[in-house]
Structure formats: C-alpha cells, structure tokens
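Please treat every number below as a calculation from the coordinates, not as lab data. Just so we're clear, the structure is a prediction, and the values are computed from it rather than from any experiment. Cβ coordinates were reconstructed from backbone atoms using ideal geometry, including for glycine residues, and neighbour counts include every protein chain displayed.
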Amino acid sequence: MKIGYIKIGIIGLFLLSISDFSAAEIIPVNFSKVSINDNFWTPKMNTVATATLNACITYTEEKTGRIRNFEKAAANSGKHEGIFFDDSDVYKALEAIAYSLKNHPDAAIEKKADEWIDKIAAAQQPDGYINTFFTLTGLENRWTDMDKHEDYCAGHLVEAGIAYYNTTGKRKLMDVGIRMVKHIDSNFRQTGRHWISGHEEIELALVKLFHATSERQYLDLAAWYIEQRGHGFYKGAKRDPKYDQNDIPFEDQKKVEGHAVRAMYLYTGVSDVSAAKNETRYLPALLSIWDNLVGKNMYITGGIGSSGENEGFTKDYDLPNENAYCETCASVGMVLWNQRMNLMTGESKYIDILERSLYNGALSGLSLSGDKFFYGNPLTSYENYSRSEWFGCACCPSNIARLVASIGNYIYATSPDGIYVNLFISSNTVIPDGKNSILITQQGNYPWDGNTSIKISPEVKIRKKLFVRIPGWAVNKPVPGDAYTFLKPGIVPISAKLNGQSINFSMIKGYMVIDREWKKGDEITFQLPMPVERVISNDNIQANRGLVALQRGPLVYCVENADNKGKAMHMIYPDQTDFSASFNSSILGGVVTISSKVPVVDISGEGLTISTSLNEITAIPYYAWANRGEGEMRVWVPRKVTDIRILSK
C-alpha cells in the first residue's frame with residue numbers, strides 16, 4: 001500500500017501525492033507462525049497460560065454468571081447475571097486461550113474452551129443473533145440502544161473465533177461469529193438502517209474476518225460502520241457525542257477525544273479499513289490524531305486517558321500523575337493501533353510507541369503472579385493503590401491476558417521485498433517466499449541488554465531487504481515530538497556485523513536496512529545502547545514541571561517504598577546525579593534495577609525541621625510495582641527542592 005504525508009510547521013499534517021511517500025504492503029506474521037523462547041516474555045506467557053487463564057476461567061465460570069448466562073440463553077429461561085456486556089469477557093478469555101495454546105499447549109484448557117464454545121453456539125438465535133443480555137431480558141428490545149454493546153460483544157466474538165481457528169483448526173466459534181455478522185449486515189447496511197457502535201470494536205474485527213475469509217461483505221460492513229459516525233445517528237443515552245468519537249465524521253477529526261479505549265479501537269478499525277481498501281481518505285485524520293495523542297496526551301509510560309470521569313481524554317497536556325487513570329485496556333489499544341499505523345506507513349516510530357505502551361503502560365496491569373490486576377495505572381501512589389483479583393467491570397484481566405499471549409503477532413512483518421524485525425524477542429518464524437521459505441531466528445536478552453542476533457536461513461540464496469527497527473530511545477529520541485526529551489542526550493553510534501564482520505547499512509524510516517543476497521546461516525549482530533537516561537517533560541505538562549523520570553532501554557522506572565526505606569516521596573534527583581544499572585535476580589522475578597546516592601529530605605518535629613542527607617536508592621521497572629503490597633510509588637521525582645508538601649495520614 002502506498003500513502004504519503006508531510007508535516008509543515010505547526011499547521012498540521014497534509015496528504016501529498018500518493019507517490020511522494022510510500023511503503024510497500026506490509027503484513028504482520030501471525031502469532032500462530034511464531035515460536036517464542038525469550039528470557040523476558042516466555043515466563044510471562046507461561047504465567048498467563050496458567051495463573052491468569054485459571055483466574056479468568058474461575059471468575060468467568062464459577063464466581064460470576066458469565067457462562068451461566070449462555071446456558072440460560074440456550075434454554076431461553078432464567079435471569080441475566082452481571083453487566084449487559086459481560087459476554088465480551090468470555091470471548092476475550094477464549095481469545096487469550098487460543099493464543100496461549102500456540103506456545104503452551106494444554107489439553108485441559110482446550111477442553112474447557114470447547115465446552116464454552118458449545119454453550120455459546122447453543123445460545124445463538126435461529127437468525128444468527130447472539131447476546132445473552134437481550135435473550136434473557138427481552139429480544140424485542142435488541143438493537144434499540146446503541147450503547148448496549150451488542151456489536152462490541154460481536155466484535156470480540158469474531159476475534160476469538162478467528163484466533164481459536166488459527167491455533168486449533170476448529171471453526172465452530174468462528175462460524176457463530178460469522179452468523180452474527182451476517183445478521184447485523186442484513187438488518188442494517190443492506191437495508192439502509194442507520195446504526196453506530198456505542199463502543200467501537202466490531203470495525204477492526206470485521207477486517208480480521210475479511211482477511212480470514214476473503215469475503216468482501218465483511219470489509220464493506222466495517223467501512224459502513226465508520227461512515228455512519230458523526231451524522232447524528234444515535235439511539236441511547238443522552239451524552240456528549242465526543243465520548244464515543246461520534247460528533248463529526250471521522251475524516252474531519254483532528255485530535256483525540258472521549259473514551260480512550262473506544263478511541264483506540266476505532267482508530268485501529270479505521271486504519272485496518274484504509275489498508276484493506278488501499279484508500280487514503282482517512283489518513284490525514286489518523287495522522288493528525290496520532291500527532292495530537294503522542295505529542296500532547298500520552299504519559300511517559302505510554303498510558304493514555306488521564307481522567308477517570310470519562311475513562312478518557314480531557315484537554316491537551318492534562319497529564320496528572322497521582323490521579324492518572326491510564327486504563328490497562330487503553331494501553332492494549334495503543335499496541336493495536338500503533339501496529340496498524342506502522343503497517344500502513346512503514347514508519348518505525350509507531351512501533352516505538354507500541355513498545356513503550358507494551359512494556360510499561362499495559363504490562364503494569366498484570367501482576368508478576370499473573371492473578372492480580374490493575375484497572376488504572378497511576379504514575380504516583382500514596383500507599384492507597386493495590387492490585388485486585390477481579391473487577392465488577394472485568395474488561396482488563398482478559399484483555400491483558402490476550403495481549404501477552406499474542407505477543408507473537410507484533411515481532412515480525414513482511415513486504416514483497418523485505419522482512420521486518422519490529423520487536424526484540426527471542427523467537428523464530430518461517431516466512432514463505434514463493435516455493436521456498438526463510439527461517440528467521442532471533443536471540444537476545446532484551447530488555448535487560450541491547451545485544452541482539454538475527455539469523456537468516458533461506459532454503460536457497462535469495463535477495464531481500466532486512467528491516468531492523470532502531471528504537472528512537474537508542475538515538476536520543478524517547479518519543480516522537482517534544483513531549484518528552486532526555487535531559488543530557490549522548491550520541492552512541494550503532495554498528496552492525498554480518499557473520500562477524502562490520503557491515504554498512506542505510507537508515508530508512510527508523511529502520512536499519514540491509515539489502516543483500518542471503519544464504520543459509522547468515523547472522524546479523526548489533527548492540528543497542530542502554531545507559532540510564534533522565535527524561536524531562538515539555539513545560540506545558542504542568543504536573544511534571546521541575547521533575548525528572550528514569551528510563552533504560554524501553555523501560556520506564558519508578559521508586560517505591562519497598563526498596564527505599566519508606567522514602568519514595570522524599571528523594572531528589574539533582575541534575576548531576578550519576579546512576580548505575582545492574583541485574584538483581586533476588587527481587588521481582590529478576591530485574592535490572594537502577595541505583596544511586598541521592599538527597600533524601602527528612603521532615604520531623606512540630607517545627608518541621610527539614611534536613612537532607614545522601615541515601616542509596618533503588619528504582620525498579622514501572623511494570624513491576626505494587627507486587628509487594630501497598631506502598632508509596634512515583635515515576636517523576638523532583639530535580640531540586642522547591643516546596644514541601646505535608647500529607648495527613
């Protein structure tokens with residue numbers, strides 16, 4: 001696909017001739033084709049495959065009525081239990097199971113999934129409709145309220161069915177989803193009846209279904225859903241149409257607005273439709289929205305959605321730390337959308353943001369034990385925030401489970417002339433190339449160090465371009481734009497070797513590109529620099545004025561009481577501070593910690609005596625905080641004392 005744009009001053013993003021800026025069609029390598037054996041991700045995937053999935057199964061089947069709802073709907077008898085969109089949690093859990101079975105086969109869990117699928121199929125109505133809430137509360141009320149998540153649930157059903165088919169070859173669940181989609185299409189698009197989704201998700205699912213089946217009907221329905229938005233078509237709750245991005249047609253939207261998860265799913269769906277139809281109609285809006293999000297509405301962790309009131313966005317640069325909402329699902333959405341933007345444009349900066357959200361904002365939502373979760377992910381905590389076993393609105397546990405289990409979807413991609421390595425995760429995949437194939441094997445110890453080896457082994461010699469992402473943080477650019485910068489950036493040139501010999505390469509759109517004829521066993525090695533970097537914010541982000549954060553590689557760091565004698569809120573990072581990093585196998589499952597001696601402010605006595613002494617401090621990766629009980633935590637630390645805040649207990 002070929003698309004183009006240029007950024008001109010502060011005016012915005014403008015579409016140019018399609019030929020001015022192009023990327024060949026880029027297709028991700030499916031998780032089912034990737035085997036992962038990684039020091040960082042494999043243990044987390046194993047934890048998801050056991051503890052997290054067991055938690056999802058227990059709460060879905062035993063401790064809540066989600067599976068009972070399907071049983072009742074099949075019998076057409078009984079009272080609905082829970083929230084009207086709880087069906088979606090069952091589908092997301094099944095999707096997570098599907099991904100997990102690829103790298104962690106488990107006959108018992110697969111049997112459980114098959115049992116659930118049988119119950120889901122039995123609950124489907126003869127006309128294809130499936131939604132336990134309306135089946136049990138009155139089918140005469142279906143499709144009367146756009147905010148009742150009927151098509152949101154349908155989208156997650158479709159995604160689960162495709163994932164389960166990709167792993168197991170069983171298509172029963174996918175067929176249930178297809179019948180529901182055909183029901184929607186025949187009742188709305190084909191009859192000219194207006195409808196929008198009050199919670200976007202079905203758009204991206206429909207494009208997945210189009211790619212899985214090659215049936216154009218599904219792509220046309222996805223495009224129709226997008227075209228319906230912004231024209232006043234709404235039945236349901238009276239609210240600001242910006243909440244679900246429905247105030248103006250999508251092509252006229254310029255900035256992020258409303259509910260963060262809804263927004264990410266919509267932007268992902270729009271990107272998918274644009275790519276599948278080879279259209280640039282929505283590209284200026286997508287680029288402008290992304291620019292606004294990353295430049296003015298994103299936390300250093302990649303978290304988004306600062307307000308709990310609307311679970312979303314407020315105004316530019318409104319990024320408070322203590323009350324940061326940063327829903328786990330929103331960071332999952334950031335991963336989805338930024339992958340699609342990369343596939344459309346070939347620009348590595350989108351994977352930079354994907355990586356930031358993945359390793360920080362999203363992964364924080366899952367405990368190291370795998371059975372406790374965050375709904376929101378603040379950047380400051382005053383001993384009053386802890387992980388939960390489950391939630392009444394339980395979208396986040398199954399969502400983070402399916403993301404971690406599907407990490408294989410984001411590592412590699414291909415185009416007609418090249419192979420893309422986007423994430424540095426030890427793994428291998430076989431990429432078809434005509435009648436032959438190419439084995440790609442990647443090894444390293446990321447994110448703890450930047451040494452990476454990539455072996456390319458084609459069956460026969462073949463000329464291909466290898467595109468290896470060089471993260472922005474490795475070349476002194478923590479994020480695109482000026483929201484965050486390194487306090488004292490240092491230039492460390494990156495070199496690469498081919499079979500042990502130095503090799504020249506070009507840089508294109510953030511990728512190291514090596515164009516050559518490859519033979520079996522060729523190996524590229526390189527090292528990404530990982531010094532401890534101090535990050536400061538654009539001064540427009542008022543909450544971070546005078547503060548600094550630590551980052552090493554893709555990981556954002558924080559300090560919490562467990563490592564710092566209860567002084568997490570008392571320390572200062574003067575600009576001249578030197579930090580060191582070392583691997584510590586004794587805490588948090590083994591992590592690289594950052595340490596230094598920094599001033600710590602002590603306040604004592606009725607007269608508020610203030611003294612400062614140097615103390616050894618330890619910072620840990622942000623994703624690992626709150627795994628040792630409640631306690632103070634902060635990401636952003638003062639660079640000097642400007643005022644003292646006294647908190648009453």
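On full extension of the chain, what length is gained from SER453 through LEU487, given 0.36 nm per residue of separation minus the C-alpha to C-alpha distance?
Working: separation 34, 0.36 × 34 = 12.24 nm, distance 3.05 nm.
Stretched out fully, the SER453 to LEU487 stretch lengthens by 9.2 nm.
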- Item | Computed [θ] at 222 nm, helices only, for the chain once each DSSP H run of length n ≥ 4 contributes -39500 (n - 2.57) | -9000 deg cm²/dmol
- Query: Over what distance in Å are the Cα centres of the range 176-232 and the range 394-465 separated?
  - Reply: 31 Å
- Note on the structure: Long-range amide H partners of ALA324, meaning residues 5 or more apart or on another chain whose placed amide H is closer than 5 Å, are LEU379, THR380
- Message: Just to compare against my own numbers: the Cα pair-distance distribution for the range 413-527, 5 Å bins, whole % per bin, please.
- Response: 2, 10, 21, 24, 19, 11, 7, 4, 2, 0, 0
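Would you work out if the range 17-131 is rounded, prolate or oblate? Take a ≥ b ≥ c from the square roots of the eigenvalues of the alpha-carbon gyration tensor; rounded if a/c is under 1.5, else prolate when a/b is larger than b/c, oblate otherwise. Could the numbers behind the result be given before it?
Details: a/c = 2.61, a/b = 1.45, b/c = 1.80.
Judged from the Cα gyration tensor, the range 17-131 comes out oblate (a/c at least 1.5, b/c at or above a/b).
Would you mind getting me the FRET efficiency between ASN538 and ASP127? Use the beta-carbon distance for r and R0 = 45 Å, nearest 0.05. The partial results should precede the final answer.
Working: r = 54 Å, r/R0 = 1.19.
That pair, ASN538 with ASP127, gives E of 0.25.
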- Item | Subset of LYS477/LYS640; LYS235/LYS277; LYS44/LYS255; LYS254/LYS509; LYS461/LYS497 violating a 26 Å alpha-carbon distance limit | LYS235/LYS277; LYS44/LYS255
- Task: Run the numbers on the range 413-527 and let me know its relative contact order in percent, using alpha-carbon pairs under 8 Å that are six or more apart.
- Result: 28 percent
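Please compute the contact order of the chain in relative form: average sequence separation of alpha-carbon pairs under 8 Å and at least six residues apart, divided by the residue count, as a percent.
On the way: 1389 pairs, mean separation 81.6, N = 649.
Once divided by the residue count of the chain, the mean separation gives 13 percent.
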- Message: Taking a ≥ b ≥ c as the square roots of the Cα gyration tensor eigenvalues, with a/c under 1.5 meaning rounded and otherwise prolate when a/b beats b/c, else oblate, which class fits the range 533-638?
- Response: oblate
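Quick one: grab the alpha carbon gyration tensor of the range 387-478, order the square roots of its eigenvalues as a ≥ b ≥ c, and give me rounded if a/c is under 1.5, else prolate or oblate depending on whether a/b is larger than b/c.
In terms of gyration-tensor shape, prolate.
Sort TYR91, TYR382 by Cβ crowding within 10 Å, fewest neighbours at the top. Could the numbers behind the result be given before it?
Numbers: TYR91 27, TYR382 16.
Arranged by neighbour count, lowest to highest, TYR91, TYR382 become TYR382, TYR91.
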- Query: Can you give the Kirkwood hydrodynamic radius of the range 105-182 from its Cα pairs, in Å with one decimal?
  - Reply: 13.2 Å
- Subtracting the Cα-Cα distance of THR213 and ASP316 from 0.36 nm times their residue separation yields 33.0 nm
- Query: What residues qualify as long-range amide H neighbours of TYR385, i.e. H under 5 Å apart, gap of 5 or more or another chain, H built at 1.01 Å from N?
  - Reply: GLY631
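Grab the other residues whose beta carbon is less than 14 angstrom from that of VAL598, score K and R as +1, D and E as -1, and report the net.
Details: positive: ARG534, LYS565, LYS567, LYS597, ARG634, ARG639, LYS640; negative: ASP563, ASP575, ASP578, ASP602, GLU616.
Every neighbour counted, the sum reads +2.
Among THR132, THR612, which comes first, then next, by fewest other beta-carbon atoms within 10 Å? Intermediate values should be presented prior to the final figure.
On the way: THR132 28, THR612 13.
With the sparsest Cβ surroundings first, the list reads THR612, THR132.
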- List the residues whose amide H sits under 5 Å from the amide H of GLY418, counting only those 5 or more places along or on another chain, with H placed 1.01 Å from N in the peptide plane. LYS465
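Remind me, what semi-axes does the range 328-413 give for its equivalent ellipsoid, largest first in whole Å, using sqrt of 5 times each Cα gyration tensor eigenvalue? List each step's numbers first, then the result.
Numbers: eigenvalues 134, 38, 20 Å².
For the range 328-413, the ellipsoid semi-axes come out as 26, 14, 10 Å.
So for SER331, SER357, SER580, SER457, fewest C-beta neighbours within 10 Å to most, what's the order? Don't skip to the end; give the middle numbers.
Details: SER331 32, SER357 29, SER580 10, SER457 17.
Sorted ascending by nearby Cβ count, the order is SER580, SER457, SER357, SER331.
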- May I ask you to evaluate 6.51 cos²θ - 1.76 cosθ + 1.60, the Karplus curve with θ = phi - 60°, for each residue of the range 518-533 and list the ³J(HN,Hα) values in order in whole Hz, giving x for glycine and proline? 9, 10, 4, x, 4, 10, 9, 10, 7, 10, 8, x, 10, x, 6, 10
- With contacts defined as alpha carbon pairs under 8 Å and 6 or more residues apart, what's the relative contact order of the range 533-638 in percent? 33 percent
- Message: Exceeding 31 Å between C-alpha atoms, which entries from my cross-link table qualify? They are LYS111/LYS372; LYS349/LYS567; LYS102/LYS520.
- Response: LYS349/LYS567
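Suppose R0 equals 60 Å; then what is the FRET efficiency for ASP114 and LYS565 from their Cβ-Cβ distance, rounded to the nearest 0.05? Mind dumping the intermediate values first?
Working: r = 52 Å, r/R0 = 0.87.
Efficiency at R0 = 60 Å is approximately 0.70.
Find how much the distance from ILE508 to SER586 grows on full extension, using 0.36 nm per residue of separation minus their present alpha carbon separation; answer in nm with one decimal. Don't skip to the end; give the middle numbers.
On the way: separation 78, 0.36 × 78 = 28.08 nm, distance 4.11 nm.
Between ILE508 and SER586, full extension yields an extra 24.0 nm.
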- Task: For the range 460-537, would you read off the P(r) tail past 15 Å as a percentage of all alpha carbon pairs?
- Result: 62 percent
- Query: To the nearest 0.05, how large is the calculated FRET efficiency for VAL430 and SER186 if R₀ is 45 Å and r is the Cβ-Cβ distance?
  - Reply: 0.65
- Taking the Cα centre of the range 413-527 as origin, work out the dipole magnitude from +1 charges on Lys and Arg Cβ and -1 charges on Asp and Glu Cβ, in debye rounded to 20. 160 debye
